[in-house]
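**Q** Following this message is one structure expressed as C-alpha cells.
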Amino acid sequence: MVEQVVAEVNELPHEEKLLQLRKVGPVERLKPEERRGLPELPDVEKYPMVITRFAPNPNGPLHLGHIRAALLSHEYARRYKGKFILRFEDTNPENALLEMYELIRRDLRWLGMSWDEEHAQSDRLELYYNYAEQLLREGKAYVCTCPIEDFRELRDRGEPCPCRELSSGEQLQRWRRMLAGGVAKGEAVVRVKTNLNHPNPAVRDWPALRVTAKPHPRMEERYSVWPLYNFSVSIDDHEMGVTHIIRGKEHEVNEQRQRTLFEHLGWKYPTAVQYGRLNMAGMALSKTQTMQGIRDGELTGYDDVRLGTIAALRRRGFVPEAIKQLILDIGPTLVDSSLSWETLYAYNRKFSDERADRYFFVQNPVKVLVHKTPDLKQVRLRLHPGHPEHGERILPLAREGDALVFYLAGEDTTVLQEGQIFRLKDLMNVTLSSKGKVLEAEFQGLELADVPKIQWVSAGAVEVEVIKPDNSREFGLAEPAVAGLKVDTILQFERYGFVRVDAVRPKLVAAYAHR
Ligand code: GLU
C-alpha cells in the first residue's frame, strides 16, 4: 500500500504536492533554485548547436498534452542558445485544416514562444519524392500492391510479399505510375524495407508513401501521392539538422521505424528524449471528439469552455505563464504524470491573484435596505489590495427614503439569520433585522469587525452573464466600474472567482476560470 501511495504522490506536479501537504500541516518551502529547472539535455556537447522542433499536425486545436512537446523543445533551444523550428506535419490531406495553422501559431505565441524557422511539409513533396526514388533505386524500398490483409499475413510470419522481390527497374516503373495518377487510393504504397524478423511486426516494412483521394487544403489537387508521418518526419529531422527530438513515449514504435530509414540513408539519428504520459483527469482532449462536437454543433468552437484546448484556457482567462510553468515543472520525466484541473487552478491562481483587479459581483441579486446609516454617497476602493498603483474604483450608493439600497448574492442571503451581524465588504457592518422578500438591516458601524464579509453592489450596477466551465450560465449584477472594461481583461469577482471579459456588447459576458 505504501508503495502504491508513494507512486501516486510522485506522479503529482510540485504545486499539487504542496497543496496536499498543506492540508496535513505546515510546509517548509524549498528554495526556488532547489526545486525548479529542467534537467540538462544529453549529448549537447556532441553538436555545434542545439536544434529542436515542434511538429504539430494541423488537424485540430492544441491542448495541454501537445504543448508539452512545444514548451520543452522551445525552452531547451533557448537555454542552449540554439534554434527552434516550427514544422507543420500536414501530409495527410484527409485531415489537415487550413484554419489550424494560424490557430497553432497563435497558441504558441500566446505561450511566449517564438521560432527561428517555420516549415510546412506540404511544401516539401519534391524532396520526399526524391528520397523515395533513391530508396527504390537502391532496393531499400518497394512499391507494394498487395491487399493489406495478404501483406499483413506474410509480414506477421516474417515473409516477404511478392512485390518486395521485384527488380528496382520494376519498382521505379510502379512509382512513376503512382506519381502520374495511374493508381487509385489504397492500391499501392511505398514500403521501406526493414529486417523482416524485427521483433515487432508493426515495424516490419512500414508504409512510407501512399495515394490519397482528397485535395489538400494548401496544395489542392497538385499532389495525390503523400508521405506518411514516419517518412517525412525522418527526412525533415535530418534535413533540418534537428539534434534533439523531444517527444512522448507513445512514439516509441515510430522511432524504431524512423531509425531503419536513417540507417538506409547512412544518417545519424538525433538524440531522442522521451517523456511519459500526462494523464489529465476530467479534461476533454480528444481531437477527433472535439472536431466531431464542433461539426455537430454540440461544441461552440475550438475555444468552447468545456475543452482542455489552449484556445479554451485562453478564453477562460488563464495566464499563459502559469500554464508554461506548470508544464515545465512536470518537465520531460519518463514516469507518467497526472494533471488535474485543481493543479492547473493552483498554478493559475498564483499569477492571477497578483495581476487581476478586484470587482464586486452578486449572483442572483437580492435587495437589502440598510437603515440609520451615515450620509454616504459613494465609496472608493482599491482595484487591487496589494497594488495601490492599480488605482481605485468608485461605487456609488443608491438611496431609497432614509435607507441605502444594496444587492447581495442570493446564496449569501440564504444563510443569513435575523439578528445576525455581517459586513458589507470594505464598507460597513450591519445587523439583519428582517428577512422578507426585501431584506431590512440596520447600520452597526464602519470599523472592520470579525463578522462574515459579503460583497455587494448598489447604484448603477451592471448586468453580467458568466459562462461557467460546464458551459452553463450564471447571471448577476456587477459594480458600475466593470462597464469600462475591455474584452480580454482578466479580473476577479471577489468571493466568486477569476474571469475574463469575453464580450461587452450587448451586455457584459465573462468566462469563468476558477475560484
Ligand atoms: N507530428 C508528430 C505529432 O504530432 C510529431 C511527433 C514527433 O515526431 O515528435 O505527434
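**Q** For the stretch 157-189, what are the residues that are within 22 Å of R222 (Cβ to Cβ), free of Cβ contacts under 8 Å to residues at least 24 places away in the same chain and in a loop (DSSP other than H, G, I, E, B)?
**A** A180, G182
**Q** Can you name every residue in the stretch 219-230 that is touching a residue at least 60 places away in the same chain (Cβ under 8 Å) and within 9 Å of the ligand (Cβ to nearest atom)?
**A** Y229 - this is the single residue of the stretch 219-230 that is touching a residue at least 60 places away in the same chain (Cβ under 8 Å) and within 9 Å of the ligand (Cβ to nearest atom).
**Q** With the condition kept exactly as written, say whether any residue in the stretch 259-267 is surrounded by 20 or more Cβ atoms within 10 Å (Cβ to Cβ), within 16 Å of the ligand (Cβ to nearest atom) and modelled with pLDDT of 95 or more.
**A** yes
**Q** Please find, among A132, A208, A202, the residue that is of a type outside the set (D, E, K, R) and surrounded by fewer than 21 Cβ atoms within 10 Å (Cβ to Cβ).
**A** That would be A202, the only listed residue that is of a type outside the set (D, E, K, R) and surrounded by fewer than 21 Cβ atoms within 10 Å (Cβ to Cβ).
For every residue, the table says whether it meets (1) in contact with a helix residue (DSSP H, G or I) (Cβ under 7 Å, 6 or more places away or on another chain); (2) crowded, with 21+ Cβ neighbours inside 10 Å; (3) closer than 30 Å to L408 by Cβ.
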{"site": "Y302", "(1), (2), (3)": "yes, yes, no"}
{"site": "P320", "(1), (2), (3)": "yes, no, no"}
{"site": "D336", "(1), (2), (3)": "yes, no, no"}
{"site": "R349", "(1), (2), (3)": "no, no, yes"}
{"site": "F361", "(1), (2), (3)": "no, yes, yes"}
{"site": "V366", "(1), (2), (3)": "yes, no, yes"}
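**Q** Evaluate the following for E321: is it within 14 Å of the ligand (Cβ to nearest atom), out of contact with any Cys (no Cβ under 8 Å at 6 or more places or on another chain), at negative phi and not aliphatic (A, V, I, L, M)?
**A** Considered against the rule, which asks whether it is within 14 Å of the ligand (Cβ to nearest atom), out of contact with any Cys (no Cβ under 8 Å at 6 or more places or on another chain), at negative phi and not aliphatic (A, V, I, L, M), E321 comes out as no.
**Q** Take the residues in the stretch 234-250 that are crowded, with 21+ Cβ neighbours inside 10 Å and in contact with a Pro (Cβ under 9 Å, 6 or more places away or on another chain), then tell me which one is farthest from N57 (Cα to Cα).
**A** For the stretch 234-250, the residue satisfying everything is T243.
**Q** Determine if the stretch 456-472 includes at least one residue that is without any contact (Cβ under 8 Å) to a residue 12 or more places away in the chain and among the charged types (D, E, K, R).
**A** No, there is no match, as no residue in the stretch 456-472 is without any contact (Cβ under 8 Å) to a residue 12 or more places away in the chain and among the charged types (D, E, K, R).
**Q** Of R78, R105, R109, R137, which residue is out of contact with any strand residue (DSSP E or B) (no Cβ under 6 Å at 6 or more places or on another chain), closer than 30 Å to S168 by Cα and without any contact (Cβ under 8 Å) to a residue 40 or more places away in the chain?
**A** When all the criteria are applied, what remains is R137.
**Q** Another question, then. Take the conditions touching a Ser or Thr at 6+ places or on another chain (Cβ under 8 Å) and within 14 Å of the ligand (Cβ to nearest atom) and apply them to H244. Does it pass? Spell out the reasoning first.
**A** Working: touching a Ser or Thr at 6+ places or on another chain (Cβ under 8 Å): yes; within 14 Å of the ligand (Cβ to nearest atom): yes.
So H244 passes the test.
**Q** Regarding M283, is this residue in contact with a His (Cβ under 8 Å, 6 or more places away or on another chain), away from the ligand (no atom under 12 Å from the Cβ) and modelled with pLDDT under 95? Reasoning before the result, please.
**A** Working: in contact with a His (Cβ under 8 Å, 6 or more places away or on another chain): yes; away from the ligand (no atom under 12 Å from the Cβ): yes; modelled with pLDDT under 95: yes.
Against the criterion (in contact with a His (Cβ under 8 Å, 6 or more places away or on another chain), away from the ligand (no atom under 12 Å from the Cβ) and modelled with pLDDT under 95), M283 qualifies.
**Q** So, one more: Among the residues of the stretch 61-81, write down those that are at pLDDT 95 or above and within 12 Å of the ligand (Cβ to nearest atom).
**A** Residues satisfying the conditions are L62, I67, R68, A69, A70, L72, S73.
**Q** Specify which of the listed residues (E418, E440, E447) is part of a loop (DSSP other than H, G, I, E, B) and in contact with a strand residue (DSSP E or B) (Cβ under 6 Å, 6 or more places away or on another chain).
**A** E418 is the lone residue from the list that is part of a loop (DSSP other than H, G, I, E, B) and in contact with a strand residue (DSSP E or B) (Cβ under 6 Å, 6 or more places away or on another chain).
**Q** Tell me, which strands (runs of 3 or more DSSP E) lie completely within the stretch 334-373 with 2 or more residues that are touching a Leu at 6+ places or on another chain (Cβ under 9 Å) and modelled with pLDDT under 95? Don't jump to the end; show me each part of the working.
**A** Numbers: elements: 337-339, 357-359, 361-363, 365-371.
In the stretch 334-373, the matching strands (runs of 3 or more DSSP E) lie at 337-339.
**Q** Without any contact (Cβ under 8 Å) to a residue 12 or more places away in the chain, outside any helix (DSSP H, G or I) and more than 16 Å from the ligand (Cβ to nearest atom): which single residue out of G301, G293 fits that description?
**A** Matching residue, one of G301, G293: G301.
Residues are listed down the side, and each one gets a yes or a no for (1) within 13 Å of the ligand (Cβ to nearest atom); (2) under 30 Å from the mean Cα position of the chain (by Cα):
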position: V203; (1), (2): no, no
position: P217; (1), (2): no, yes
position: S232; (1), (2): yes, yes
position: H238; (1), (2): yes, yes
position: G248; (1), (2): yes, yes
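**Q** As an exercise: evaluate G25 against (1) of a type in the set (G, A, S); (2) in contact with a Pro (Cβ under 8 Å, 6 or more places away or on another chain); (3) modelled with pLDDT under 95 and give the number of the one condition it does not meet.
**A** With respect to (1) of a type in the set (G, A, S); (2) in contact with a Pro (Cβ under 8 Å, 6 or more places away or on another chain); (3) modelled with pLDDT under 95, G25 is out only on (2).
**Q** Here are some residues: V451, V487, V504, V415. Which one is in contact (Cβ under 8 Å) with a residue 24 or more places away in the chain and of a type in the set (A, V, I, L, M)?
**A** Details: V487 fails: in contact (Cβ under 8 Å) with a residue 24 or more places away in the chain; V504 fails: in contact (Cβ under 8 Å) with a residue 24 or more places away in the chain; V415 fails: in contact (Cβ under 8 Å) with a residue 24 or more places away in the chain.
Checking each option against the conditions leaves just V451.
**Q** Considering only residues that are in contact with a helix residue (DSSP H, G or I) (Cβ under 7 Å, 6 or more places away or on another chain), within 11 Å of the ligand (Cβ to nearest atom) and either outside any strand (DSSP E or B) or of a type in the set (V, I, T) (or both), which ones fall in the stretch 268-280?
**A** Within the stretch 268-280, just P270 meets the criteria.
**Q** What about R204, is it more than 30 Å from K185 (Cα to Cα) and not hydroxyl-bearing (S, T, Y)?
**A** Considered against the rule, which asks whether it is more than 30 Å from K185 (Cα to Cα) and not hydroxyl-bearing (S, T, Y), R204 comes out as no.
The values are calculated or read from the model by the stated rules, or taken from the named source; none is laboratory data. In this text the structure is predicted, and so the values were computed from the model without any measurement. Neighbour counts run over all protein chains shown; Cβ positions are idealised from the backbone, glycine included.
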